[in-house]
1. In sequence order, what are the phi-derived ³J(HN,Hα) couplings for the range 74-86 according to the Karplus relation 6.51 cos²θ - 1.76 cosθ + 1.60 with θ = phi - 60°, rounded to whole Hz, with x for glycine and proline?
2. Straight-line reach from Lys16: which aspartates and glutamates have Cα under 17 Å away, leaving out those fewer than 8 places along the same chain?
3. Please list the non-local residues whose amide H lies under 5 Å from the amide H of Ile61, H modeled 1.01 Å from N, same-chain partners needing a gap of 5 or more.
4. What accessible area per residue, rounded to a whole number of Å², is obtained for the chain using a probe radius of 1.4 Å?
5. Of the cross-linked pairs Lys23/Lys59; Lys7/Lys76; Lys6/Lys59; Lys10/Lys59; Lys6/Lys76, which ones have a Cα-Cα span greater than 29 Å in the structure shown?
6. Taking the chain, which trypsin sites (Lys or Arg not before Pro) meet the DSSP loop condition and have no more than 16 other C-beta atoms within 10 Å?
7. Can you pull out the GluC sites (Glu not before Pro) in the range 36-85 whose DSSP state is coil and whose Cβ has at most 13 other Cβ atoms within 10 Å?
8. Taking Kirkwood radius over Cα pairs in Å straight from the coordinates, which label in (1) 17.0; (2) 15.1; (3) 13.4 is the correct one?
Amino acid sequence: MEIILKKLEKLEVLIKRQYILSKEILSLEEAAAYLQLSKSCLYKMTSNKEICFYVPGGKKIYFRRTELDSWVLNSKVSSVNECDLEVENYLGRTKKSRS
C-alpha cells in the first residue's frame, strides 16, 4: 500500500509540472515550483526588483514563463576556461591596436 501511495505522489508531482509547463502566465506559487525556489525567496526577489513580474490590480503577483527562462539563462557564470579565453582575446586585440 505504501508503494502505491509513493507512486501516486510522484505521478501527482509530474502532472503538476506538466501543467505548469503548459502555461504562459504563472502565479507566484507556480513560478516558485517552476524555478524550484521557495515562495519567500521569489517574493524577496520581486521586492528587490531582481526579476520581472506583473501585479494586475496591485494584489497577486504573476510571471511570464518565457521571462523566467530568460532570467535563468542570463544568469550564466563563466567557467575559468571561458574567462581565460576572453582575457586572451582582449589582450590580442589591444596588442594589435597598439602596433
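1. Those phi angles translate into 7, 9, 5, 10, 5, 6, 4, 4, 5, 5, 4, 5, 4 Hz.
2. Glu24, Glu29, Glu30
3. Answer set, sorted by chain and number: Leu28.
4. Per-residue value: 84 Å².
5. The pairs that break the limit, which is 29 Å between Cα atoms, are Lys7/Lys76; Lys6/Lys59; Lys10/Lys59; Lys6/Lys76.
6. Lys23, Lys49, Lys59, Lys60, Lys76
7. Working: sites: Glu50, Glu67, Glu82; in loops: Glu50.
Of the GluC sites (Glu not before Pro), the ones in loops of the range 36-85 whose Cβ has at most 13 other Cβ atoms within 10 Å are Glu50.
8. The value computed from this structure is option (1).
The values are calculated or read from the model by the stated rules, or taken from the named source; none is laboratory data. Predicted, not measured: the structure shown is a model, and the values here were computed from it. Don't worry about glycine lacking a Cβ; one is built from the backbone with ideal geometry, like all the others, and counts go over all protein chains shown. Ligands, DNA and RNA are excluded from the accessible area calculation, which covers all protein heavy atoms including side chains. Shrake-Rupley method; radii C 1.70, N 1.55, O 1.52, S 1.80 Å.
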